[in-house]
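Read through the structure below, which is laid out as structure tokens, and then see the notes.
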Amino acid sequence: MEEHILVGLSSAPSNARIIRTAATMATAFGCKFTALFVRTPGYDAMSDENKERLRTNTELAKSLGATVETVFGDDVSYQIAEYARLSGVTKIVVGRSAATRKHPWGKPTLTEKLTAIAPNLDIHIIPDASVDGSYKPKKAKRKVNFKTACRDWALTLVILILATVLSFGFSRVGFTEANIIAVYLLAALLTSMVTSTRSSYVLSAIGSVLVFNFFFTTPKFSLRVHEHGAPLTFLIMIVAALIVGTLTDRLKSQVKQSTQAAYRTNLLFETSQMLQKATSDDKIFQTVRTQVCKLLDRHASVLPGVTASSRRNALHYPIKVQDRIYGTVIIEGSEPLEAFENSVLLSILGECALALENSRNTAEKEEAKLQAESEKLRANLLRSISHDLRTPLTAISGNASILLSDSENLDPNARKQMYGDIYDDSAWLHNLVENLLAVTKIEEGRMELKTQPQLAEEIVSEALQHISRKRSEHTITITHKDDLLLAQCDAKLIVQVIINLVDNAIKYTPAGSQIWISTRWEESMAVFTVADDGPGIPDQEKKQIFQMFYTGSTAVADSRRSLGLGLSLCKSIVTAHGGTISVSDNQPAGTVFAFTIPAGEVEVHE
């Protein structure tokens, strides 16, 4: 099982040492390293000094390679244990103060709680004698806006008046003092719900007791108390009202945290969806800028690459995966971010960095694939050419040498035969070079079709002029089923297709075989067929013969190998014209190649 080390983030002075120790362990194990901050309802009450120290510790953890995460909840130990369970954490690093009780009657320590909740976790305790173990986070004084306080006090007074009016009504119809006390407790609850200052529900609790004593206890309209149990009743009312107010205030904090967590989840989900739809680096950067502005309500910009910025009154956050930096997010304003904002921002930047990393990897894989295919094509070409050019070149060289040295003593028929062999081999080489040039243009995407209406009859006639001299050994029959059939095509390329198909028919059939070339119109397409009565092509090879460099197992009549380019080139040319090419069996024997290209229309000039 792969190790995963977790360290908690806090505002304690010793936290920096604990983070460094955890980072050293992560480096030694070569494992994942996470720094976790549990945001409790008490975070808002932290002093500025402690918040700044927490921010410093967070930056330290990031600089040491930690992934910083934030979770929300009251129970720190439970949140750490739950995160560890879901994230596959194997080791937790804590300070000594979190592992020992200050007093025998004190609350269980973080280590004790973690051990009880998650007994399978390894907990490493880091001692630090240089740090005062009596550290306690200082709470900040709650800053209260005067207008907000006045509004809350006014609402408290209104609720207290309404509760008193309602209590008078209850008193007249015979309700007991216990029922009236319940009304004032309800008033304290409502006050804590609709106000945001602590003084409001304290004022409500004390005011409720005073008003209840003044209007509803004997002697009425006086603050004096005659009953022996009344002071205890008043004390219980105040304590109950304060408890209700405190619990409601805590509940509002928890609701706020839940809302923030839901907002964070929704924002990250939205960011992930937008990044998945982004098709370029620019769109990824634009998505990040939009989401950062939405999160912080500040102007932000993104600088791609490792770019230095001279903006001083701004916050700079790198977009990086490990040591690879893809860009920098610049946020206007020097005010530091809240822990929640910082956590969400880091998550957004992490999503962005992963999207950029995936984009780079995909591009590199595509480039590597193209290079591999190009190298494979080049290797196949070189191998095939070096092997297959040797025979015709040797024949041409040998025949030419004989003619040069002893042509006068040769029989005229032998001399004519040598001239014919030289011509045939030269024609074969010429056709090979034409195919190679066409294949190169297709592979490099440089094939440009110059289409115009062409007579099918003229295309076939032009192709037959370039057919091998061995055509005389075969009977070629030409049939045009439709007069004046026009094809919308690049005539030179279609001529090359017909040459390749007819040459194949001559090459793979014995002398004296029949070859049929026909054209016809069919559903707005011009159909060309080349058929023969040779040995045919096995069914298992029909699906592969249009692949580049596939030569099949059928013997060649003239003993010359094929490079396997002709049919592949035919398919590329026909496909580029928007047509199709196929192979089938001829009856009773032989093979039929058929291809279609768009039919042309006759232009009438009046």
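The values are calculated or read from the model by the stated rules, or taken from the named source; none is laboratory data. Since the model is a prediction, treat every value here as computed from it, not as a measurement. When we count neighbours, we look across all protein chains shown, and the Cβ atoms used for this are built from the backbone with ideal geometry, even at glycine. Surface areas here come from the heavy atoms of the whole protein model, side chains and all, with no ligands, DNA or RNA. Shrake-Rupley method; radii C 1.70, N 1.55, O 1.52, S 1.80 Å.
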Filter the range 359-374 for residues that are open to solvent by 90 Å² or more (accessible area, probe 1.4 Å) and either under 17 Å from VAL433 (Cβ atoms) or of a type outside the set (Asp, Glu) (or both); the one that is modelled with the highest pLDDT is LYS365
Exactly one of ASP558, ASP503 is at pLDDT 85 or above and out of contact with any Cys (no Cβ under 9 Å at 6 or more places or on another chain), and that one is ASP503
Being of a type in the set (Ser, Thr, Tyr), touching a Phe, Trp or Tyr at 6+ places or on another chain (Cβ under 8 Å), at pLDDT 80 or above and closer than 18 Å to ILE161 by Cα, is that true of even one residue in the range 219-231? no
Taking THR100, is it modelled with pLDDT of 85 or more, open to solvent by less than 80 Å² (accessible area, probe 1.4 Å) and polar (S, T, N, Q)? no
When you scan the range 158-191, how many residues do you find that are touching a residue at least 24 places away in the same chain (Cβ under 8 Å) and under 20 Å from ALA240 (Cα atoms)? 16
Any residue that is closer than 30 Å to ARG39 by Cα and crowded, with 16+ Cβ neighbours inside 10 Å - is there at least one of those in the range 219-240? yes
Among VAL131, VAL94, which is of a type in the set (A, V, I, L, M, F, W, C) and modelled with pLDDT of 85 or more? VAL94
Please verify whether THR90 is surrounded by 21 or more Cβ atoms within 10 Å (Cβ to Cβ), of a type in the set (Val, Ile, Thr) and out of contact with any Gly (no Cβ under 8 Å at 6 or more places or on another chain), treating the condition exactly as stated. no
Residues located in the range 1-48, provided they are open to solvent by 30 Å² or more (accessible area, probe 1.4 Å) and aromatic (Phe, Trp, Tyr): PHE29
Positions within the range 502-530 being in a strand (DSSP E or B), aliphatic (A, V, I, L, M) and open to solvent by 10 Å² or more (accessible area, probe 1.4 Å), in sequence order: MET525
Among the residues of the range 323-349, write down those that are touching a residue at least 60 places away in the same chain (Cβ under 8 Å) and either among the β-branched types (Val, Ile, Thr) or farther than 15 Å from CYS293 by Cβ (or both). PRO336, ALA339, PHE340, ASN342, SER343, VAL344, LEU346, SER347, ILE348
For the range 309-328, check the following and say yes or no: at least one residue is over 20 Å from LYS62 (Cα atoms) and in contact with a helix residue (DSSP H, G or I) (Cβ under 7 Å, 6 or more places away or on another chain). no
Go through (1) without any contact (Cβ under 8 Å) to a residue 24 or more places away in the chain; (2) of a type outside the set (Ser, Thr, Tyr); (3) farther than 26 Å from ARG250 by Cβ one by one and return the number of the condition GLY95 breaks. (1)
Test ARG298 against the criterion of being charged (D, E, K, R), part of a loop (DSSP other than H, G, I, E, B), open to solvent by 40 Å² or more (accessible area, probe 1.4 Å) and at pLDDT 85 or above, and give yes or no. yes
PRO535 - would you say it is farther than 27 Å from GLU522 by Cβ, modelled with pLDDT of 85 or more and open to solvent by 30 Å² or more (accessible area, probe 1.4 Å)? yes
Looking at (1) of a type outside the set (S, T, N, Q); (2) open to solvent by less than 20 Å² (accessible area, probe 1.4 Å); (3) modelled with pLDDT under 85, which is the one condition that is false for ILE573? (3)
Residue tally, condition in contact with a strand residue (DSSP E or B) (Cβ under 7 Å, 6 or more places away or on another chain) and aromatic (Phe, Trp, Tyr), over the range 30-66: 2
So, GLU59, is that one within 27 Å of LEU315 (Cβ to Cβ), free of Cβ contacts under 8 Å to residues at least 40 places away in the same chain and surrounded by fewer than 15 Cβ atoms within 10 Å (Cβ to Cβ) or not? yes
LEU377 passes all but one of (1) of a type in the set (A, V, I, L, M); (2) under 30 Å from ALA278 (Cα atoms); (3) modelled with pLDDT under 85; which number fails? (2)
In this structure, does LEU315 turn out to be open to solvent by 20 Å² or more (accessible area, probe 1.4 Å) and assigned to a helix (DSSP H, G or I)? no
State all residues of the range 247-292 that are β-branched (Val, Ile, Thr) and at pLDDT 85 or above; if no residue qualifies, say none. THR271, ILE284, THR287, VAL288, THR290, VAL292
Of all residues in the range 32-75, which are assigned to a loop (DSSP other than H, G, I, E, B) and either of a type in the set (A, V, I, L, M) or within 22 Å of TYR263 (Cα to Cα) (or both)? THR40, LEU64, ALA66, GLY73, ASP74, ASP75
